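K.L.:
I'd like to ask you about the structure that follows.
The values are calculated or read from the model by the stated rules, or taken from the named source; none is laboratory data. Because the structure is predicted, anything quoted here is derived from the model rather than measured. All Cβ positions, even for glycine, are placed from backbone atoms using ideal geometry, and neighbour counts span all protein chains on display.
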């Protein structure tokens, strides 16, 4: 299994993490992005991530060198043609993802196309593909090298063989797969992001400060990280996108995005990646 190349589309935070786990697990990995600069940053992040494992004596220097040698970067989608599985980790924009899946399905009839989407419909993505039975959700969680869960989402068209292959791949990465139906937000984000949204309402209404909201959930509910700090880690734009998917998918006012969250995204305050969100980062 570990001899077969895996493609990753998108060299952002999630794509970097997925690629790191793949190369560390023995897979030849082809990481695609439209920008050479982003690919360079991704290589540096992956090298640093593997270096942390060396420092913790979980990986030898030789193993790290071998893992980095398994990483190939490219700005050509054509380079993914020979991959057995292609994991898409592009931004959460439906039109962009649909175009990618349409192009990838034409590129390779045999590859399994797995999306790391955090909330979008897999059935809709599969519908634009020539082999919809080979489309599946493979939703990792940030930070990918640390968190052990992968939601495996079955579209209406997904075959049993496709699900079984992705569950096996998940296990080979040292992660646990949970089977989830194709429903807005899937399981984790349908539970998690409305809590974050409610925390934003608390802040907007002046019920408590961001620091005290986070401290309350850490000490009162045994959460390792407060909801607003977690939102900053996830990205406020991602949180807003998920709330919008939930609101559209269910038509329930309980999923209305907090106006403060919308204003912060409009202002470019996206969390850690922009240096400012509900908290400020140096």
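K.L.:
I'd like the residue in region 53-74 that is assigned to a loop (DSSP other than H, G, I, E, B) and surrounded by 14 or more Cβ atoms within 10 Å (Cβ to Cβ) and, out of all such residues, is nearest to the chain's Cα centre (by Cα).
P.N.:
Looking at residues that are assigned to a loop (DSSP other than H, G, I, E, B) and surrounded by 14 or more Cβ atoms within 10 Å (Cβ to Cβ), I get 70.
K.L.:
Now for a separate question. Looking at region 13-20, is at least one residue part of a loop (DSSP other than H, G, I, E, B), touching a residue at least 12 places away in the same chain (Cβ under 8 Å) and touching a helix residue (DSSP H, G or I) at 6+ places or on another chain (Cβ under 7 Å)?
P.N.:
Looking for residues that are part of a loop (DSSP other than H, G, I, E, B), touching a residue at least 12 places away in the same chain (Cβ under 8 Å) and touching a helix residue (DSSP H, G or I) at 6+ places or on another chain (Cβ under 7 Å), one finds none in region 13-20, hence no.
K.L.:
Which of the residues that make up region 176-209 are touching a strand residue (DSSP E or B) at 6+ places or on another chain (Cβ under 9 Å) and without any contact (Cβ under 8 Å) to a residue 40 or more places away in the chain?
P.N.:
176, 177, 178, 179, 181, 187
K.L.:
Could you list, ordered by first residue, the pairs with Cβ atoms under 9 Å in which the first is in region 264-282 and in contact (Cβ under 8 Å) with a residue 40 or more places away in the chain and outside the structural domain of residue 200 (by TED's automatic domain parsing) and the second is assigned to a helix (DSSP H, G or I) and loosely packed, with under 12 Cβ neighbours inside 10 Å, at least 6 apart or interchain?
P.N.:
Listed pairs, sorted by first residue: none to list.
K.L.:
Still on this structure, I have one more. What residue, of 233, 260, 246, is touching a strand residue (DSSP E or B) at 6+ places or on another chain (Cβ under 9 Å) and touching a residue at least 60 places away in the same chain (Cβ under 8 Å)?
P.N.:
Answer to the selection: 233.
K.L.:
Okay, moving on. Can you spot a residue in region 228-237 that is farther than 19 Å from residue 13 by Cβ and at pLDDT 95 or above?
P.N.:
No, that holds for no residue.
K.L.:
Condition test on residue 242, is it in the same structural domain as residue 260 (by TED's automatic domain parsing), over 15 Å from the mean Cα position of the chain (by Cα) and buried (at least 19 other Cβ atoms within 10 Å of the Cβ)?
P.N.:
no
K.L.:
OK, next. Taking region 100-114 as the search range and keeping residues that are in a helix (DSSP H, G or I) and in contact with a strand residue (DSSP E or B) (Cβ under 8 Å, 6 or more places away or on another chain), which one is farthest from residue 160 (Cα to Cα)?
P.N.:
Looking at residues that are in a helix (DSSP H, G or I) and in contact with a strand residue (DSSP E or B) (Cβ under 8 Å, 6 or more places away or on another chain), I get 100.
Each row is one residue, and each column tells you yes or no for (1) farther than 23 Å from residue 113 by Cα; (2) touching a helix residue (DSSP H, G or I) at 6+ places or on another chain (Cβ under 6 Å); (3) in the same structural domain as residue 23 (by TED's automatic domain parsing).
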{"site": "39", "(1), (2), (3)": "no, no, yes"}
{"site": "48", "(1), (2), (3)": "yes, no, yes"}
{"site": "51", "(1), (2), (3)": "yes, no, yes"}
{"site": "58", "(1), (2), (3)": "yes, no, yes"}
{"site": "67", "(1), (2), (3)": "yes, yes, yes"}
{"site": "70", "(1), (2), (3)": "no, yes, yes"}
{"site": "73", "(1), (2), (3)": "no, yes, yes"}
{"site": "78", "(1), (2), (3)": "no, no, yes"}
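K.L.:
Quick one: in region 141-164, which of the residues that are under 16 Å from residue 88 (Cα atoms) and in contact (Cβ under 8 Å) with a residue 60 or more places away in the chain is surrounded by the fewest Cβ atoms within 10 Å (Cβ to Cβ)?
P.N.:
Looking at the filtered set, the residue picked out is 142.
K.L.:
Tell me, please, whether a residue that is at pLDDT below 95, within 17 Å of the chain's Cα centre (by Cα) and not in a helix (DSSP H, G or I) can be found in region 1-11.
P.N.:
no
K.L.:
Of 181, 161, which residue is over 13 Å from the mean Cα position of the chain (by Cα) and farther than 28 Å from residue 233 by Cα?
P.N.:
Criteria check complete, one pass: 161.
K.L.:
Hey, another quick one. Sort out which residues of region 11-30 are within 17 Å of residue 54 (Cβ to Cβ) and in contact with a strand residue (DSSP E or B) (Cβ under 7 Å, 6 or more places away or on another chain), and write them in order of number.
P.N.:
The answer is 23, and nothing else.
K.L.:
So which residues in region 245-278 are closer than 18 Å to residue 198 by Cβ and over 22 Å from the mean Cα position of the chain (by Cα), if there are any at all?
P.N.:
250, 252, 253, 254, 256, 258, 259, 260, 263
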